[in-house]
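What follows is calculated from the coordinates using simple rules that are stated; it is not laboratory data. Computed from a predicted structure; not experimentally measured. Heads up, the Cβs are rebuilt from the backbone with ideal geometry, glycines too, and the neighbour counts pull from every protein chain shown.
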Amino acid sequence: MIDRRLAYKEYCVDDRCLIQLKKNHIEKIRLWRNAQITVLRQKKSVLPEEQKRWYANMLMDKNQVLFALLKIAPSGRAPLLIGYCGLVHINWIKKRGEISFIVNPFRAERHNLYKQDFLSGLWLLSKYAFEKQRLKEIFTETYSFRKRHIRILEEFGMKYKRKAIKSYYCNSKYYDSYFHKLNSKDWKKIKNIRY
């Protein structure tokens, strides 16, 4: 059974932390998802009522868990919601799950900011997946036009697994999908690395 509880500051690296996704986060996330639809499997814009149903379903689904990604502000200001990430399509028999990750489009468009957000998110999700949920593998699917995203996955330590040829259609063109994975043994080798 999935454990969604996170102790305060248990899942932080540098100035980024994961907390349980809350209802007051979902409208921002809906807008971010709609603004970045080409990098998601989502085929159309999500309406507010659909987002509310998505959130309610996510809370009940034992095969997925999503977290808010926060940036801790200096001098006691409130933390800033910068994205969300989690594990979806968890197979408890095979002990594997797929990474889901998205940040505010402003941050996604800025290479160094996105890289730090993504590396931190990957590290935090890996810690959660391997140390709290005891999964054996996490994986991700990325469309071939997201070259920067793929470089960050590989820099983090995820290994290329396979390619699905022309599996994604967007803007009148077909793209390949690249699959990367990280297993629990590889996590033990990289978990003390800071980016």
Based on this model, can you work out whether Lys115 counts as among the basic types (Lys, Arg) and either part of a strand (DSSP E or B) or over 19 Å from Leu40 (Cα atoms) (or both)? no
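Here is a yes/no grid of residues against (1) closer than 21 Å to Ala68 by Cβ; (2) under 17 Å from the mean Cα position of the chain (by Cα); (3) assigned to a helix (DSSP H, G or I):
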{"residue": "Cys85", "(1), (2), (3)": "yes, yes, no"}
{"residue": "Gly97", "(1), (2), (3)": "yes, yes, no"}
{"residue": "Lys127", "(1), (2), (3)": "yes, yes, yes"}
{"residue": "Leu153", "(1), (2), (3)": "no, yes, yes"}
{"residue": "Lys163", "(1), (2), (3)": "no, no, no"}
{"residue": "Tyr175", "(1), (2), (3)": "no, no, no"}
{"residue": "His180", "(1), (2), (3)": "no, yes, no"}
Can you say whether Arg134 is loosely packed, with under 13 Cβ neighbours inside 10 Å, closer than 20 Å to Val65 by Cβ and not acidic (Asp, Glu), as far as the supplied structure shows? yes
I need the full set of residues from the range 129-151 which are assigned to a helix (DSSP H, G or I) and over 24 Å from Gln20 (Cα atoms), in order please. Lys147, Arg148, His149, Ile150, Arg151
Top-ranked residue in the range 50-61 [being of a type in the set (D, E, K, R) and in a helix (DSSP H, G or I); ranked as surrounded by the most Cβ atoms within 10 Å (Cβ to Cβ)]: Lys52
Out of Gly121, Gly157, sole residue that is on the phi > 0 side of the Ramachandran plot and crowded, with 17+ Cβ neighbours inside 10 Å: Gly157
Restricting attention to the range 9-49, the residues that are touching a residue at least 40 places away in the same chain (Cβ under 8 Å), surrounded by 14 or more Cβ atoms within 10 Å (Cβ to Cβ) and part of a helix (DSSP H, G or I) number exactly 7
